[in-house]
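Please read the structure below before turning to the comments.
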Amino acid sequence: MLPRLKTIIFCGSLFVSVILAFVHQTNLLGQASLVLLTIVIFTKPAVELFPTIGFFKILLALRRQLGQATAFFALAHASIQIKSYIFSFDLSDFRFWGLFAIFLMIPLLITSNDFSTRLLKRNWFLLQKLIHPLYIFAMIHYGLREGPSGLIKSVLVLSVLYFSRLLASKNHI
């Protein structure tokens, strides 16, 4: 059942992201990628904090495919936007942070396979830590795009979720 579900997530998210990009569903693609990215990052702490909830264990087993789905949606989201973006180093421009998040996402997607884990060995785990600045950049992108209330939401979400990671790491020791 799980291998079939992994294939469905991978192929389905690739197909859906292409379709949504063709019909210019930019916001939906961005929101889906941010939600999936949140799930990917905080599934392991959820398993450690709530070990009796089996749903989190299923999500943990599907984390690679959910990460790939995140990248498909984010790249489709960016592909719609990139045509109208003139690169600048304006830190108050939400597109700047989105572009940085995409730059970090590409090596994660490329190395999200068994071959890369064998080839890179311990360095693969170091590379995967890029997900944390990627998540922060994505939340800044969202916050700046939504305005002051979006920035407040971003700070709250980052605070709560990274506090949960801290709690999970203390429970794990």
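The values are calculated or read from the model by the stated rules, or taken from the named source; none is laboratory data. Keep in mind it's a predicted model, so treat the numbers as computed, not measured. FYI the Cβ positions are ideal-geometry reconstructions off the backbone, even for glycines, and counts take in every protein chain you see.
Checking Ser13 against (1) loosely packed, with under 14 Cβ neighbours inside 10 Å; (2) among the hydroxyl-bearing types (Ser, Thr, Tyr); (3) modelled with pLDDT of 95 or more, which test does it fail? Condition not satisfied by Ser13: (1).
Pairing residues of the stretch 10-35 that are among the hydroxyl-bearing types (Ser, Thr, Tyr) with residues that are at pLDDT below 95 and surrounded by 12 or more Cβ atoms within 10 Å (Cβ to Cβ), at Cβ distances under 6 Å and at least 6 apart in sequence or on separate chains, gives Thr26/Ile80. Report yes if some residue within the stretch 75-98 is β-branched (Val, Ile, Thr) and modelled with pLDDT of 95 or more; otherwise report no. Taking every residue of the stretch 75-98 in turn, none turns out to be β-branched (Val, Ile, Thr) and modelled with pLDDT of 95 or more.
Helices (runs of 4 or more DSSP H) fully within the stretch 116-173 that include at least 1 residues being closer than 23 Å to Arg64 by Cα and in contact (Cβ under 8 Å) with a residue 60 or more places away in the chain: 131-146, 148-172. Whenever a residue of the stretch 43-62 is under 25 Å from Ile8 (Cβ atoms), its partners that are charged (D, E, K, R) and surrounded by 13 or more Cβ atoms within 10 Å (Cβ to Cβ), lying with C-beta atoms within less than 7 angstrom and at least six residues away or across chains, give the pairs Thr43/Arg63; Val47/Lys57; Leu60/Lys44; Leu62/Lys6.
The number of residues in the stretch 84-112 that are within 17 Å of Ala69 (Cβ to Cβ), part of a loop (DSSP other than H, G, I, E, B) and in contact (Cβ under 8 Å) with a residue 24 or more places away in the chain comes to 1.
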